[in-house]
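Engineer: What follows is a structure written as structure tokens; I'll ask about it next.
Derivation of every value follows stated rules applied to the coordinates shown; laboratory data play no part. All of these numbers come straight from a predicted model, not from anything done at the bench. We place every Cβ from the backbone using ideal geometry, glycine too, and count neighbours over all the protein chains shown.
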Amino acid sequence: MKAKPTIRKRYNELLALIEKYNYHYYTLDAPLVDDASYDELMRELVSMENGNPELKNHDSPTSRVGDVVSSSFAEVHHDPPMLSLGNVFSDAELSEFDARIRKILEIEESIVYSVELKFDGLAVELLYEDGRLIRGSTRGNGEIGEDVTANLSTLRAIPERLGGDAVPESLTVRGEVYMTHHEFERINRRREEGGEQLFANPRNAAAGSLRQLNPRVTAERELSIALYGIGKISGGPALPDQQTMFQFFKKTGLPCPENADIGGLVKIREFYDYWVRNRHSLGYDIDGVVVKVNDFKMREKIGSTSKAPRWAVAWKFPAREAITVLNSVDYQVGRTGVITPVGNLDPINIGGVLVKRATLHNFDEIARLDLRIGDTVKVIRAGDVIPKVLAVLAESRTGAERPIETPEKCPSCGSALNREEIYVRCVNDDCEAKLQERLRFFVSRDGLDIEFFGPELVQRLYDAGSVRSVADILRLRAAELLAVERMGEKLAEKILASIEKRKMIPLSFFLRALGIRNVGEHVAKVLARSVGSLERLFDISADELMAIDEIGTGVAESVMEFFRSQENRKLIEEMLAAGLVVTGELVETRVIEGVAGKSFVFTGTLEGMSRTEAEALVERLGGRAAGSVSKKTDYVVAGGEAGSKLDKARQLGVRVLTEDEFQKLIGGEQ
């Protein structure tokens, strides 16, 4: 039977759309739509092909894995091919999957499945010969991938040599490279400082990092990996099932998923229900769980299609997105004067959170989306970050929608605004909104990291007239704090003690806390290590600044402008008069046994230093500071009022240190 012209037209539209989205997702690492929207299109395509078999093209996306391979890398042929996974989206569809498996195996009894988290990252393959890492590659189109050995070798979790007694002659293992939220935010802050385009999400940041032509760029980014399967193995131990395989991985030093289980459908459902509620606690993105027949001989009998194994399926989580209406737009003024448009929405529940506002990023993004007030929009919460408007449903327009105007004056002080590339900026140094944002930043963890000093307290002290500059924070008195509503003596004492502890800081911390435009954590470290002292910055020339590696024109101009300002000089003098001591930067890295190569997580309040200082100290001594606890964490250092990270460390059996034990471990180095 021949398909109707309207069906064929829609089929061709779907093919063109999916091809376009595949190219941007797999090849450019720059997705145009969210996963849920893509999944909807693929399901529609599958449904059309099932109902109209004569429509199906020989190269339909439903029969292919991934996308084209970049010519920038050498080709790697996968044997056997690296397949993708079929998806289910409901409990009923999981039951249908189970019924198909039992029908193929001709059994009525329950099947034992393995289940693990579905990482939102980039699929890779590692080849080991006689226990030595020979090659690493991306999945590519499933049959041919890209040789990214040099880049994968920079991942600390990947062993160059396998450990254990039973090392195979040849072994290919497969898994997912991903990026934590903490690292994603750090990289995007650094890219923003350098005027580079931001990554859309951690998955694309991981893919973009792994497919760098210069491995040094990859090495500067903290990528993680979880291995969950074997391509081929020869001359090694017998591995009858998934759980035995994971045990083998652990013995050889290969990183495997932290959270996995086995059991029947009841166990699988419990695992899914737990992680759909608790995925926010992981510190990285997952978009579902992967259910596999546990027994490898059963898998051989069940077999695969050209695209996916029949013995495994991805049970996808509900999307963290919703459809609502953009009612109006507010304009927020940041500490550097950048005006950020924020959308006010019809309240909508997304993933259990009532969302009323969403960032619109900048005015170029508004133009790209063709966004208007009154539009029906798709809003997403990804990785528990600020909700954002993802797309406009233009087909829902009534004609009553209004354009979003770019403001000509600062919404706070009324000054004229400057247009700078994709940003609109208030350049009035006396703008109250900018000042308040600078104060909030100064006390935050990204600034001076003053414990117990949150944005609400900043606002109350500002309203009371007690704090009008960052110097005022350093010279706060107990009476001024106690005048704040609901402020007790003990809390006031803690705040004052925390301020005192922060009065001796390295130059890089000070530069970061000042909130200089284009100067974030990384640039502050580069500057501090190069110039050596605060005094030198007052008379350094633009040529001297730009002679420093990684310092470009934009950063040099910002630093020059800040330190040549008489008002800023006066402010720094007031801070120094209030007892602030800015020390020189420790340039040499001193490796200490017991710290070098170890992963540390800090939680709670430390007495001798801030958590930021402790993390910097660990890195100077050859260790690594992480933002979340996992089985790969070597130490959790717990200060006062430690929270969920301490609980997770105990659950995982990670060694917990007190602050005194940490000081002994590092030999008293500070």
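Engineer: Taking the Cα atoms of segment 75-316, report the difference between the largest and smallest coordinate on each principal axis, in whole Å and largest first.
Structural biologist: Taking the Cα atoms of segment 75-316, the three principal extents are 60, 42, 31 Å.
Engineer: Still on this model: For segment 321-425, what does the convex hull of the Cα positions come to per residue, in cubic angstrom?
Structural biologist: Each residue corresponds to 106 Å³ of Cα convex hull volume.
Engineer: OK, next. Express in nm, to one decimal, how much length is gained between E661 and K56 on full extension, taking 0.36 nm for each residue of separation and deducting their alpha carbon distance.
Structural biologist: Length gained between E661 and K56: 211.3 nm.
Engineer: In segment 599-665, what percentage of the DSSP-assigned beta bridges are antiparallel, given to the nearest 5?
Structural biologist: Working: 1 of 10 bridges.
Just about 10 percent of them are antiparallel.
Engineer: Please compute P(r) over all alpha-carbon pairs of the chain, binned at 20 Å starting from zero, and give each bin as a whole-number percent.
Structural biologist: Here the calculated profile for the chain is 15, 47, 32, 7, 0.
Engineer: Right, another one. Using the crude model of +1 on Lys and Arg Cβ and -1 on Asp and Glu Cβ, and no other charge, please compute the dipole size for segment 75-316 relative to its Cα centre, in debye to 20.
Structural biologist: 100
Engineer: What is the magnitude of the charge dipole of the chain about its Cα centre, with +1 placed on the Cβ of each Lys and Arg, -1 on the Cβ of each Asp and Glu, and no other charges, expressed in debye to the nearest 20?
Structural biologist: So the magnitude is around 900 debye.
Engineer: If you don't mind, there's one more thing I want to ask. Per-residue ellipticity at 222 nm for the chain, helices alone: DSSP H runs ≥ 4 residues times -39500 (n - 2.57), over residue total, nearest 500 deg cm²/dmol?
Structural biologist: One gets -10500 deg cm²/dmol as the mean residue ellipticity at 222 nm.
Engineer: Right, here's the next one. To the nearest Å, what is the center-to-center distance of segment 85-126 and segment 238-295, using C-alpha atoms only?
Structural biologist: Centre-to-centre (Cα) distance: 12 Å.
Engineer: Still on this model: Under the 0.36 nm per residue contour assumption, what length would be gained going from the current alpha-carbon distance of E108 and E557 to full extension? Walk me through the numbers on the way to the answer.
Structural biologist: Values: separation 449, 0.36 × 449 = 161.64 nm, distance 7.32 nm.
Difference between extended and current length: 154.3 nm.
Engineer: Using DSSP H assignments, which helices in the chain have an axial alpha-carbon span of 20 Å or above and a mean Kyte-Doolittle hydropathy of -0.5 or higher?
Structural biologist: Sorted by number, the helices that extend far enough and score high enough are 91-105.
Engineer: Can you tell me the FRET efficiency between V484 and K570 if r is taken as the Cβ-Cβ distance and R0 is 30 Å, rounded to the nearest 0.05?
Structural biologist: Details: r = 27 Å, r/R0 = 0.90.
FRET efficiency, V484 to K570: 0.65.
Engineer: Mean separation of Cα pairs under 8 Å and 6+ residues apart, divided by the residue count of segment 599-665: what relative contact order is that in percent?
Structural biologist: Value for segment 599-665: 37 percent.
Engineer: Quick one: Debye curve from the alpha-carbon atoms of segment 260-313 only, equal weights, vacuum; give me log10 I(q)/I(0) at q = 0.28 Å⁻¹ to two decimals.
Structural biologist: Treating every Cα as an identical point scatterer, log10 I(q)/I(0) equals -1.09.
Engineer: Sorting D660, D165, D261 on the 10 Å Cβ count, fewest up front, what's the list? Before the final figure, lay out each step's value.
Structural biologist: On the way: D660 10, D165 7, D261 15.
The fewest-first ordering by Cβ neighbours comes to D165, D660, D261.
Engineer: If you don't mind, there's one more thing I want to ask. Hey, with R₀ at 60 Å, roughly what FRET efficiency would K503 and S396 work out to, going by the Cβ-Cβ distance, to 0.05?
Structural biologist: 0.60
Engineer: I need the peptides 74-83, 199-208, 105-114 ranked by packing, meaning the mean over residues of other C-beta atoms within 10 angstrom, with the highest value on top.
Structural biologist: Answer by packing, highest mean first, reads 199-208, 74-83, 105-114.
Engineer: Here is a further query. With a 10 Å Cβ neighbour count serving as the proxy for reagent exposure, in which order, fewest first, do K356, K316 appear?
Structural biologist: Starting with the residue having the fewest Cβ neighbours, the order is K356, K316.
Engineer: Something else now. With a cut-off of 15 Å, note down the residues of segment 277-300 whose backbone N falls inside the zone around a label point 7 Å from the Cα of D261 toward its beta carbon.
Structural biologist: Answer for segment 277-300: 277-279, 289-292.
Engineer: Please give the FRET efficiency for E13 paired with A99, using the beta carbon to beta carbon distance and R0 = 30 Å, rounded to the nearest 0.05.
Structural biologist: Working: r = 33 Å, r/R0 = 1.11.
Calculated transfer efficiency: 0.35.
Engineer: Another one. Of C413, I107, V555, which is farthest along the charge dipole of the chain in the positive direction, counting Lys and Arg as +1 and Asp and Glu as -1 at C-beta?
Structural biologist: Selected residue: I107.
Engineer: Please report the antiparallel percentage of DSSP beta bridges with both residues in the chain, rounded to the nearest 5.
Structural biologist: Of the beta bridges lying entirely in the chain, close to 85 percent run antiparallel.
Engineer: Calculate the spin-label point distance for R650 paired with S281, positioning each point 7 Å from the Cα along the beta-carbon direction, and give it in nanometres.
Structural biologist: A separation of 1.3 nm, rounded to one decimal place.
Engineer: Quick one: T583, T324, T605, T305, fewest Cβ neighbours within 10 Å first, how do they rank?
Structural biologist: T305, T583, T605, T324
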